[in-house]
Every structure is written in structure tokens, then in C-alpha cells.
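Inspection log for the structure reproduced underneath, given as C-alpha cells.
The values are calculated or read from the model by the stated rules, or taken from the named source; none is laboratory data. No experiment lies behind these values; they were computed from the predicted model shown. Cβ placement follows ideal geometry from the backbone for every residue including glycine, while neighbour counts extend to all protein chains displayed.
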Amino acid sequence: MRDDDRNHRRWWTLIVLTLPVLIISMDATVLGFAVPSLSASLAPSSAQLLWIIDIYSFVLAGLLITMGALGDRIGRRRLLMFGAAGFGVASLLAAFSTTPEMLIAARAMLGIAGATLMPSTLSLIRNVFTDERERQTAIAIWAAAFAFGSALGPIAGGFLLEHFWWGSVFLIGVPVPVALLLVAPRLVPESRDPKPGAFDLTSAGLSLATMLPVVYAIKMFAEHGFSPVVIVSAVVGGSAGFAFVRRQQRLADPMVDVSLFSVSRFRMAVSGNLIAAFGFAGSLFFVTQYLQLVVGMSPLRAGLQLLPAALSSITFTVLAPAVARRYGSFAVIAAGLSMGAVGFAMLTQVTADGSVALTTAAVIVLNAGLGASMTVAIDGILAAIPPARAGAGASVSETAIELGVALGTAVLGSIAAAVYRSELDDVDGVPAEVLEVSRDTLGAALGAAERLGGDPGAALTAAADSAFVDGFHVAALAASVALGTVALWALRIRLTGRSAPVEAVPVGAGRGS
């Protein structure tokens with residue numbers, strides 16, 4: 001009976017650990033819908049608006065590795081509760097912000113709190129579910145909660161924005177942290193590294209100095225292309241990253257065991273996680289714009305249109321562990337990424353006239369495959385890390401996801417933007433200065449077309465829609481090739497190492513003195 005009670009308690013613990021994932025995924029998808037109304041209310045400058053959108057991911061990405069290592073030392077449940085409290089307070093500050101500066105500060109606080117929540121949940125799962133089969137199922141449910149939150153975010157955000165003020169979208173982030181603070185002490189066991197080394201402030205600083213400039217360079221490249229700021233940021237981040245790796249190789253108790261990356265199966269698991277996040281972010285970036293700006297759907301309608309895709313992601317995410325046990329982890333990663341490649345290939349066929357059914361079908365295929373591959377890749381990363389260092393392992397997984405998200409938007413967005421600008425050439429009846437403004441974004445072009453009105457406005461709308469779709473096609477093709485390439489890598493590992501599970505990574509092998 002005691003064993004049954006402990007077994008049931010584990011699954012109640014999992015339900016609690018999905019709460020932070022649910023709220024973070026919802027929070028990540030609602031802000032984009034609130035930008036027009038918050039811009040009208042707070043009147044931020046273009047630079048301030050950029051910081052409102054980006055500061056969360058900058059801070060989150062910069063602190064993931066540090067927070068994962070900190071949780072190993074002070075206790076993962078303790079860090080989770082600190083993060084939950086911080087997330088709730090920051091959400092309230094964001095909801096009732098009265099100036100752009102206040103909102104930027106609140107978003108930075110959300111990033112700090114988010115950096116504690118994500119690694120804590122995964123590392124606690126790694127320690128609570130010691131059985132391989134149960135752990136795979138638990139991670140699948142965790143990932144399904146993330147997919148569900150991503151789907152629910154646009155629907156909830158669209159409803160709130162149609163009935164309340166822009167700040168209401170941030171209030172989503174208040175009830176769940178409160179519930180977590182109430183139930184976590186009773187249902188979530190504390191865990192930490194039993195023999196933690198001293199917390200290495202130098203490594204923490206180098207981690208921050210790596211991630212912040214790298215993510216900043218990626219995002220600035222997406223906005224403005226190559227510039228001195230992008231190059232300097234990339235060089236600074238790369239140099240700090242090199243120093244971080246060298247330091248980890250010399251330490252007896254490193255923050256991240258970088259020797260794991262010498263093992264091809266571990267590199268594949270991390271790369272599979274990153275490229276799946278790349279596909280998710282890239283598809284969401286384009287499809288939401290296409291449905292709202294080209295097709296003309298409201299935010300709520302667009303969110304509902306993408307609901308079947310979210311359901312497909314949840315379904316394949318939950319089924320992935322069982323398939324992986326039968327056919328192998330890398331077979332699932334290869335098949336899932338291949339489905340993602342097919343989905344992006346389908347998106348190259350959408351038209352400016354409104355291919356809603358084709359778009360929906362493409363995203364269903366894409367989300368199903370990427371959800372399955374990401375779940376198995378996350379489990380592969382965690383399985384390679386000893387339970388005592390689960391926080392550091394979880395932070396590697398989350399860092400790969402954050403980089404994938406940043407790259408998906410930056411790289412694919414830059415490709416599409418370049419095609420859009422080159423395609424939006426002379427339009428009859430449209431003044432040159434109006435056309436120049438219209439080349440910035442599709443939204444700017446549609447705003448200019450509305451102000452022009454008449455035949456010139458209609459011509460500009462048609463030309464901008466066509467240019468956007470052409471850019472969409474090229475970016476989707478590039479994403480399809482990228483996903484297909486990594487899928488072939490996973491298939492090669494599957495065929496050459498059929499019997500070798502991901503867990504067989506020799507932790508600490510090859511570490512320098």
C-alpha cells in the first residue's frame with residue numbers, strides 16, 4: 001500500500017510541476033497580441049518597445065545555466081518557490097505598469113523568475129522519476145503542458161484583449177504561482193546535490209556574458225541585418241563562451257560538464273532540442289502574421305485556427321516515449337524532424353489569396369513531429385546527467401530551447417525580410433516615400449495602404465501580401481532543409497548505434513585536468 005501511495009504521490013508531484021510550464025508557455029505567446037494596445041496606452045519609443053519584447057528572453061537565456069547550478073546547491077524546490085513568488089509579483093507589476101520603463105523592469109523580473117522555474121521543474125522530474133519508463137512519460141506530459149499552454153495563450157489573450165485592457169494578459173501569470181506556493185511544500189520533495197562544490201561566481205559571470213550578447217546579436221541581426229553592434233556582440237559573447245568552456249574543462253566540479261559534448265549522441269540530443277525549438281518559433285512567427293495580416297483573422301480567431309495543431313503536438317508528445325522504447329530515441333527524433341521538414345515544405349505552397357486549410361494542415365504535421373522529437377531529445381539530455389547534477393542538465397536543455405527560439409525568429413525572419421524588401425518594388429500610384437516605409441514590415445505596408453485608400457492602397461496591399469508570402473516561402477524552404485539535415489544526422493546515429501541508448505553517455509569522460 002505504501003508503494004502505491006508513493007507511486008500516486010509522484011504523479012501528483014508531476015501535476016504540480018506542470019503548472020510553471022503552463023503559465024510560462026502562455027505568457028510567452030500573449031505579449032505579441034497585446035503590443036498594439038499597450039503601444040497606444042504607454043506610447044513607448046521604438047527602442048523601448050523592442051526592449052519590452054526582448055528583455056524577457058535576454059535575461060532568461062542569460063541566467064538559465066546559473067540558476068540550474070544554483071538549484072543543485074540550495075535545493076530545487078526552494079528555487080522553484082522563489083521563482084514562483086517572483087513571477088507572480090512581476091506579473092502584477094507588468095499588468096499595472098504606467099510607463100514603458102516600468103514595464104521593461106517588470107519584464108526583466110519575469111525573465112529572472114522564468115530562469116529559475118524551467119530548470120527546476122525538469123531537474124525535479126529527473127529526481128522524482130528514477131525509473132526510465134516513468135521518466136519518459138513524465139517528460140512527455142511536461143512537454144504536453146508546454147504545448148497546451150502555447151495553444152491556450154493566444155486564445156486567452158485574444159479573449160482578454162477583446163474585453164479588457166492590455167495589462168490583463170499579464171494577470172494570467174498570477175493565480176498559478178499562488179497555487180504553486182500553496183501546494184508545492186506538500187507534494188514536491190526537496191532535492192539537491194548531496195555533495196555540492198562551491199558556487200563558482202566566475203563561471204556564472206561568464207555564462208551570463210556569453211548568453212546575453214549572443215542572444216542580443218541574434219535579435220539585432222533579425223531586426224537590422226549585419227551591423228557593427230551585431231558583430232561586436234557576437235564576438236564578445238563568443239569570447240566569453242570560449243572562456244567559459246575552458247574554465248569548465250579545468251574545474252574539478254564544473255557548472256556544466258562540457259565533456260558530454262564530445263559524445264555524438266549527447267550532441268545530437270541537444271541539437272535535436274535546439275532545431276525543434278527553431279522550427280516551432282519560426283513557424284509561429286510566420287503563421288500568426290499570415291493568418292492575421294494576410295488572411296485578416298482576429299487574434300482570437302487565429303488562435304482558434306491553430307488549436308488543432310496544438311492538439312496534434314500534445315498527442316504526439318504523449319505517444320513519443322512509447323514509440324521511442326520500441327524503435328529507439330533517435331528513430332523518433334529523425335522521424336519527428338522529418339515531419340517538421342515536410343510541414344515547412346507544405347508551407348511553401350500557401351498563397352496570398354488565403355490558403356487557410358493548407359496552412360492548418362502544414363502546422364498540424366509540423367507541430368506533431370517537432371513535439372515528439374523535442375520530448376525524446378529532452379529526455380536524452382536529462383538521462384545523460386547524474387540525478388545529483390540534474391539542474392545543470394536541465395539548464396542545458398532549456399538553453400538549447402532558448403537559442404533555438406532566438407535563431408528561429410532571427411534567421412528565418414531575416415531571410416523573409418530580405419525577400420520581402422526586394423520583392424516590394426515599384427507599385428503604381430504609390431509615392432516613393434510611402435513605399436520606403438512599407439518595406440519595413442507587412443504591418444507598416446498595410447497601415448500605409450489604409451491611409452492611401454482607393455486603387456493605390458489596394459495595389460500596395462496586394463503587392464505587400466505577395467512579397468510577404470514570397471519571403472515566407474523562401475524562409476520555409478530554408479527551415480525545411482535545416483530540419484531535414486538534422487533528421488538525417490539523427491537517422492545516421494540510429495543506424496550506426498542501434499543498440500546504444502542515449503543514457504549510455506560516459507559522464508566526465510575526456511575532461512581536462
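Tabulated results
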| quantity | calculated |
| --- | --- |
| Among (1) under 16 Å from Thr18 (Cα atoms); (2) touching a Phe, Trp or Tyr at 6+ places or on another chain (Cβ under 9 Å); (3) surrounded by fewer than 22 Cβ atoms within 10 Å (Cβ to Cβ), the one test that Pro100 misses | (1) |
| Residue within segment 69-79 that is crowded, with 24+ Cβ neighbours inside 10 Å and within 30 Å of Leu311 (Cβ to Cβ) present | no |
| Qualifying residue in segment 143-154 (condition: over 16 Å from the mean Cα position of the chain (by Cα) and surrounded by fewer than 24 Cβ atoms within 10 Å (Cβ to Cβ)) | no |
| Enumeration of residues in segment 206-255 that are in contact with a Phe, Trp or Tyr (Cβ under 7 Å, 6 or more places away or on another chain) and of a type in the set (Phe, Trp, Tyr) | Tyr216 |
| Extreme residue, farthest from the chain's Cα centre (by Cα), among residues of segment 51-96 that are modelled with pLDDT of 85 or more and aromatic (Phe, Trp, Tyr) | Phe96 |
| Residue within segment 463-475 that is in the same structural domain as Gly340 (by TED's automatic domain parsing), outside any helix (DSSP H, G or I) and buried (at least 19 other Cβ atoms within 10 Å of the Cβ) present | no |
| Matching residues, segment 416-438, being surrounded by fewer than 20 Cβ atoms within 10 Å (Cβ to Cβ) and either closer than 30 Å to Gly279 by Cβ or in contact with a strand residue (DSSP E or B) (Cβ under 8 Å, 6 or more places away or on another chain) (or both) | Ala418, Val419, Arg421, Ser422, Glu423 |
| Hits in segment 97-133 - residues which are within 19 Å of the chain's Cα centre (by Cα) and either of a type outside the set (A, V, I, L, M) or outside the structural domain of Arg76 (by TED's automatic domain parsing) (or both) | Arg107, Gly111, Gly114, Thr116, Pro119, Ser120, Thr121, Ser123 |
| Residues of segment 427-445 satisfying the condition of being part of a helix (DSSP H, G or I) and under 28 Å from the mean Cα position of the chain (by Cα) | Leu442, Gly443, Ala444 |
| Residue match in segment 381-393 (condition: closer than 22 Å to Tyr56 by Cβ and modelled with pLDDT of 80 or more) | no |
| Residues (in a helix (DSSP H, G or I) and aliphatic (A, V, I, L, M)) located in segment 244-263 | Val245, Val258, Leu260 |
| Odd one out for Val174, checked against (1) in contact with a helix residue (DSSP H, G or I) (Cβ under 7 Å, 6 or more places away or on another chain); (2) more than 26 Å from Met81 (Cβ to Cβ) | (2) |
| Test: residue in segment 288-307 that is part of a helix (DSSP H, G or I), crowded, with 20+ Cβ neighbours inside 10 Å and in contact with an Asp or Glu (Cβ under 6 Å, 6 or more places away or on another chain) | yes |
| Within segment 313-358, tally of residues that are surrounded by fewer than 24 Cβ atoms within 10 Å (Cβ to Cβ) and closer than 24 Å to Leu293 by Cβ | 13 |
| Hits in segment 326-346 - residues which are touching a helix residue (DSSP H, G or I) at 6+ places or on another chain (Cβ under 7 Å), of a type outside the set (A, V, I, L, M) and assigned to a helix (DSSP H, G or I) | Ser329, Phe330, Gly336, Ser338, Gly340, Gly343, Phe344 |
| Restricting segment 360-375 to residues that are surrounded by fewer than 24 Cβ atoms within 10 Å (Cβ to Cβ) and not small (Gly, Ala, Ser), the residue that is farthest from the chain's Cα centre (by Cα) | Thr360 |
| Number of the exception - Ala204 against (1) at pLDDT below 85; (2) crowded, with 21+ Cβ neighbours inside 10 Å; (3) aliphatic (A, V, I, L, M) | (2) |
| Residue in segment 150-162 that is charged (D, E, K, R) and under 30 Å from Thr288 (Cα atoms) present | yes |
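Yes or no, residue by residue, for (1) farther than 22 Å from Ile493 by Cβ; (2) free of Cβ contacts under 8 Å to residues at least 12 places away in the same chain; (3) in contact with a strand residue (DSSP E or B) (Cβ under 6 Å, 6 or more places away or on another chain):
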position: Val263; (1), (2), (3): no, no, no
position: Met268; (1), (2), (3): no, no, no
position: Asn273; (1), (2), (3): no, no, no
position: Pro308; (1), (2), (3): yes, no, no
position: Tyr327; (1), (2), (3): no, yes, no
position: Ala335; (1), (2), (3): no, no, no
position: Ala362; (1), (2), (3): yes, no, no
